[in-house]
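Take a look at the structure set out below.
The values are calculated or read from the model by the stated rules, or taken from the named source; none is laboratory data. Quick caveat, the model's predicted, so the values are computed rather than measured. Heads up, the Cβs are rebuilt from the backbone with ideal geometry, glycines too, and the neighbour counts pull from every protein chain shown. For the accessible areas, the whole protein counts, side chains as well, though only heavy atoms, and no ligand, DNA or RNA atoms are used. Shrake-Rupley method; radii C 1.70, N 1.55, O 1.52, S 1.80 Å.
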Amino acid sequence: MKKLITLTFKISILFGLIYLWIYYNNNSMAKEAEALIYRDINKIPAKKAALVLGTSKYLSGGRINYYFKYRIESAVKLFRTGKVRAIVVSGDNGSKGYDEPTTMRDDLVARGIPSRYITIDYAGFRTLDSIVRAEAIFDLKDYIIVSQQFHLERAIYLAHAKGQKVIGFVAKDFRDTVWAKKMEHRELLARVKAVLDVHLGVEPKFYGDKVEVKYK
């Protein structure tokens, strides 16, 4: 009985330490990105290009994914106001019938962005892949990342770990909903994985040849 109590105590301490580390890790990423994230289009510095991080346009049942919708709207705003001269859309195209970046490109074109200034990254399977490939394939070193704030904080952490100079433009979010809470919990684990990926030197799934980005 005494051994069982001792073991239970040790396990409780271990889980407590893990929880504290996850909490610290989450707050550290948020603090690191705080001064680099912009919401006001008039205040964000102009850069040559924006990297729009991918997600599916539709949820199960055919419902629109507002994370997708608001990222597209933010990218359009950056281009129309002259804050960027090119857009790179990066997403998952890993299976037949599922093509995030092409859908993103098509929606941008439908909103009046000339296709010649939109470059597609078909191998942005994860945020890490999108960030590393931004420089390795598309030669972006100083650029704007577009996504929701929770995602931007992790993306900026990864970009800094790779020596890139980036800022973030916040796409509209919808907090205090069941879906948003679910994403927040998922993000805690994604941030743990991001730290492990950096320290373990995890590489993107694919690299490939350089791609030239066309600027306005």
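Which count do you get for residues in the stretch 93-145 that are in a strand (DSSP E or B) and either open to solvent by 40 Å² or more (accessible area, probe 1.4 Å) or among the aromatic types (Phe, Trp, Tyr) (or both)?
4
When you go through TYR117, TYR98, TYR143 one by one, which is the residue that is of a type in the set (Ser, Thr, Tyr) and within 11 Å of VAL52 (Cα to Cα)?
Result: TYR143 is the single residue among TYR117, TYR98, TYR143 that is of a type in the set (Ser, Thr, Tyr) and within 11 Å of VAL52 (Cα to Cα).
Restricting to the stretch 34-63, name every residue that is farther than 21 Å from ILE118 by Cβ, free of Cβ contacts under 8 Å to residues at least 24 places away in the same chain and surrounded by 10 or more Cβ atoms within 10 Å (Cβ to Cβ).
Answer for the stretch 34-63, where residues must be farther than 21 Å from ILE118 by Cβ, free of Cβ contacts under 8 Å to residues at least 24 places away in the same chain and surrounded by 10 or more Cβ atoms within 10 Å (Cβ to Cβ): GLU34, LEU59.
Can you tell me which residues in the stretch 166-216 are part of a loop (DSSP other than H, G, I, E, B), among the charged types (D, E, K, R), at pLDDT below 90 and surrounded by fewer than 13 Cβ atoms within 10 Å (Cβ to Cβ)?
Those that are part of a loop (DSSP other than H, G, I, E, B), among the charged types (D, E, K, R), at pLDDT below 90 and surrounded by fewer than 13 Cβ atoms within 10 Å (Cβ to Cβ): ARG175, ASP176.
Which of the residues belonging to the stretch 112-144 are among the hydrophobic types (A, V, I, L, M, F, W, C) and in contact with a Ser or Thr (Cβ under 9 Å, 6 or more places away or on another chain)?
Listed by number, the residues that qualify are ILE120, ALA123, ILE131, ALA134, PHE138.
Only one of VAL76, VAL84 is under 20 Å from GLY168 (Cα atoms), in contact (Cβ under 8 Å) with a residue 40 or more places away in the chain and open to solvent by less than 20 Å² (accessible area, probe 1.4 Å); which?
Matching residue, one of VAL76, VAL84: VAL84.
Quick one: which residue in PHE138, PHE79, PHE68 is within 21 Å of LYS182 (Cα to Cα) and of a type in the set (Phe, Trp, Tyr)?
PHE68
Is it fair to say LYS69 is open to solvent by less than 60 Å² (accessible area, probe 1.4 Å) and either at pLDDT 95 or above or part of a strand (DSSP E or B) (or both)?
So LYS69 does not fit the description; no.
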